[in-house]
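Everything below concerns the one structure shown next.
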Amino acid sequence: MIKTCAAAMLLATAIHAGAIGTAAAEPGITETEILIGDIEPLTGPPALLGVAASIGHKVAIAEANAAGGISGRRIKYVLEDDGYVTARTIQGVRKLVDVDKVFALVGLSGSGQSIAAMPVLEKAGIPTVIDVAPVKPLWEPPRKNVFIVGQSYEEGIRHLVAFLADKNPGKKWGLITQDDDYGIAVHDGFDSMVEPKKLNVVFSGSYKKGQQDFSSEMLQLKEAGAEVFLAGGIIAENVAMMKELEKLNAKPVIGIFWPGRVEPVLKLMGPAGDGIYAVDYVEPFAGEAGKAFLEKAKPLLSEAEFKGINRYTMAGYAAAKVLIGAIARCGKDPSWACTIAELEKTSNVETGVMAPISFGAGVRFSNQKLKIMQADFSSLSFKPAY
Amino acid sequence: MQYLIQLLISGLAVGAIYGLIAMAFAVIYKSTGLVNFAQGEMTMIVAYVAWTISTTISGNVFVVAFGAIVAAVLLGLVIERVVMRPMLGEPVFSTVMVTIGLAVILRSSINFIWDAYPHALDLGVGRHVVRIGSIGVRTGQIAVITTLLLLIAGIWAFFRYSKFGIAMRAVAADDRTALLMGISAPRVHGFAWAASSAIAGIAGVFFAMSYDLSPAMFQLGLKAFPATILGGLDAVLGSGLGGLLIGVTENLAGGYVSSGMKEVAGFLMIIIVLMIRPFGIFGERDIERV
């Protein structure tokens, strides 16, 4: 009898331990919750992208939770602020992994920040989907556990230059870029198109990050006779450039890049921004897909959050949706290994905010299809250009 | 020639903004012997307040200007009373560190109180482009240059003729002797912080009208600080003129050399000037630097 009781107790203990063992096999998972972590610039000027991206993650998570969560587990979002400071990004990633013990990561701040965090991510082995700033060092070489949704800056600029060159043959070109990794990527992309498209470049300059007055640069651009101008600023820089061109009565064909393709910029530029071209891989809000996304997001967000939506929200939404989908496909007991394997199997996943997303064996970059858009000042929106 | 004139006008316009902020630095230094590293942030906060007034109360330029100046004065007084006065008599290094801490708090407050988006301060004035031949200048740029020149004249008259201005100079020269003469140093300090905040706020409003309003605007303080050093940290009027010099030099370097030189030119000029006159072009006495 005693032996039977002891055996029963041992069995019960083993079963109990097994049950706990299943739930605690991976960090960030309990019987009722799955933790997804994120670190973004939520303060300072880059908060414009960090806050918007985190809103996109929240939409995807709220949508999944409304549909019952992942195998009955509610997704909990743990968000950290790095203030766009690399040291804080690394510290924040360590906190999310070691202290908060999240199951997976999404988002991950700017390009420099996510590159710097890469060794920590690789060492931890945690499933990660990056969406804010896609740059080559994140996927070349591919890391087993790190996936990137988006398109490279170089490819984006090549697409924009090709479009503008075909539309404006034989014209004189001008370019200005920021003096950082973003600016170098834009410049490299542009340079790779000079020969194939036989571009006549009459002005090429760079500006210091944070510069606010572009009067001498735009005057030089005008004096050089540039007819097509690639404005490589982000937000305030592009606004200042457009206003200077308006003041100088210069009217080149203008192209901007997706980091600056946010609707409030058009309001700031005023009529000077009408007709500028932009390249992006997420849908414009003025299109059907954009409107549908806004409809979906509205009931899931607070009023303040809804006001903070911009293109980064769509990018964040898509990345979080892909990650959640991969975890869900692992069934009742998701593990890091299974989630990474399922992320790798991601094929033509529709998110509604960009072209279908795919990864593959050894392919960690989704290589999104690009679109050209044109600004319409009257409706303060970007509309598909073709 | 038109190219040069356009560069000069644009340089004077941006230099006038630097000049106003530089004067704000100098007002505090002259009265308290302190370099306020939160000057750029105070400039930004006042501009945001002006934008809030324009979008919530009235877009009338006079209402916004009045509201912004009142807010700037209050901001200066509150900072002096709550943050700086308790530091009276403490080592200069500690006091300077307090202004750096204040700068970080004010900078972060933008995201907490407002948002990270850039905004336009549209008061219906200042954006119109006046054309003289092929040279274009915005009315806001004309206004900021005029304002700087008027303030330079006004502040000169204030320090030269008004009783309070003379009291401020006395406190700056020797606060203990001034105290024995019946001058209240805390009152002078309070006035200096209020005046400095108002001058910087005017610069912020002009900048926001000409460019835009964003959380990066605090960097104006970093751009204006060299103008103060150039003009003389204790020379309020010299700092204003230093701003114009820096603005024009930057633009000429950017226009004739390269845009990369634009950032360097002002600092190059400062190094050369300080090697010849260590207390700045218009500075009157040796400055103890921290």
Quiz prompt | Lys/Arg +1, Asp/Glu -1 at C-beta; the stretch A:154-280 dipole; positive extreme among A:Leu164, A:Val279, A:Ile256 | solution = A:Leu164
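Take the alpha carbon gyration tensor of chain B, find the square roots of its eigenvalues, order them as a ≥ b ≥ c, and report rounded if a/c is under 1.5; if not, report prolate when a/b exceeds b/c, else oblate. List each step's numbers first, then the result.
Values: a/c = 1.67, a/b = 1.24, b/c = 1.34.
Oblate is the answer for chain B, as a/c is 1.5 or above yet b/c matches or exceeds a/b.
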Exercise. Sticking with the crude label model, points 7 Å out along Cα→Cβ, report the distance from B:Val70 to A:Ala162 in nm, one decimal please.
Key: 5.9 nm
Self-check item: Test item: Cα-centred dipole of the stretch A:154-280, Lys/Arg +1 and Asp/Glu -1 on Cβ, debye
Solution: 440 debye
Quiz prompt | Residue mean of other protein chain beta carbons inside 10 Å, A:242-255 | solution = 3
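Counting only protein heavy atoms and rolling a 1.4 Å probe, how much accessible area do A and B lose on contact, total for both sides, in Å² to 100?
Numbers: alone 16400 and 13720 Å², together 27190 Å².
Summed over both sides, the interface buries about 2900 Å².
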Quiz item: Gap in Å between the Cα centre of the stretch A:218-241 and the Cα centre of the stretch A:29-83?
Solution: 37 Å
Quiz item: Which helices pass in chain B if a helix is a full DSSP H run, must span at least 24 angstrom along its long axis by Cα, and must have mean Kyte-Doolittle hydropathy not below 0.0?
Solution: B:2-32, B:39-56, B:61-78, B:92-113, B:139-161, B:185-210, B:236-256, B:259-276
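Provide a whole-number value for the mean count of partner chain Cβ atoms within 10 Å of the Cβ atoms in peptide A:314-327. Spell out each step's value before the answer.
Details: counts 0, 0, 0, 0, 0, 0, 0, 0, 0, 0, 0, 0, 0, 0.
Across A:314-327, the average partner-chain Cβ count within 10 Å equals 0.
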Quiz prompt | Cα centroid of the stretch B:1-65 to Cα centroid of the stretch A:263-311, whole Å | solution = 31 Å
Practice problem: Assign one of three labels to the stretch A:154-280, namely rounded, prolate or oblate, based on the Cα gyration tensor with a ≥ b ≥ c the square roots of its eigenvalues; rounded applies when a/c is under 1.5, prolate when it is not and a/b is larger than b/c, and oblate otherwise. | Solution: rounded
Quiz item: Tell me, what is the per residue accessible area of the stretch A:154-280 in Å², probe radius 1.4 Å?
Solution: 33 Å²
Quiz prompt | Segments A:88-101, A:321-334, A:192-205, B:193-206 sorted - mean Cβ within 10 Å per residue, highest first | solution = B:193-206, A:321-334, A:88-101, A:192-205
Exercise. For the stretch A:132-152 and the stretch B:113-187, write down the distance between their C-alpha centroids in whole Å.
Key: 50 Å
Quiz prompt | Residues whose placed amide H lies under 5 Å from that of A:Phe147, excluding near-sequence neighbours | solution = A:Thr128, A:Val129, A:Ile130
Exercise. Compute the long axis of helix A:153-167 from its Cα atoms, compare it with the longest principal axis of the Cα atoms of chain A, and write down the angle in degrees, 0 to 90, nearest 10.
Key: 40 degrees
Quiz item: A:Asp191: accessible area at probe 1.4 Å, nearest 10 Å²?
Solution: 80 Å²
Practice problem: Pick out, in residue order, every one of the GluC sites (Glu not before Pro) in the stretch A:21-97 that is DSSP loop and has at most 15 other C-beta atoms within 10 Å; say none if there are none. | Solution: A:Glu31
Practice problem: Please determine, in degrees from 0 to 90 and to the nearest 10, the orientation of helix A:2-24 with respect to the longest principal axis defined by the Cα atoms of chain A, where the helix direction is its Cα long axis. | Solution: 0 degrees
Quiz item: Pairing the Cα long axis of helix A:111-124 with the longest principal axis of chain A, what angle in degrees results, from 0 to 90 and rounded to the nearest 10?
Solution: 20 degrees
Quiz item: What is the protein assembly as shown by shape, rounded, prolate or oblate, if you read a ≥ b ≥ c off the alpha carbon gyration tensor as root eigenvalues and call it rounded for a/c under 1.5, prolate for a/b larger than b/c, and oblate otherwise?
Solution: oblate
Exercise. Please check which bits of the stretch A:33-50 a label hung off B:Phe112 would reach, taking the label as a point 7 Å along Cα-to-C-beta and the cut-off as backbone N under 18 Å.
Key: A:41-48
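The values are calculated or read from the model by the stated rules, or taken from the named source; none is laboratory data. None of the values given here were measured: they were computed from a predicted structure. Glycine also receives a Cβ, built like all others from the backbone with ideal geometry; neighbour counts cover every protein chain displayed. Surface areas here come from the heavy atoms of the whole protein model, side chains and all, with no ligands, DNA or RNA. Shrake-Rupley method; radii C 1.70, N 1.55, O 1.52, S 1.80 Å.
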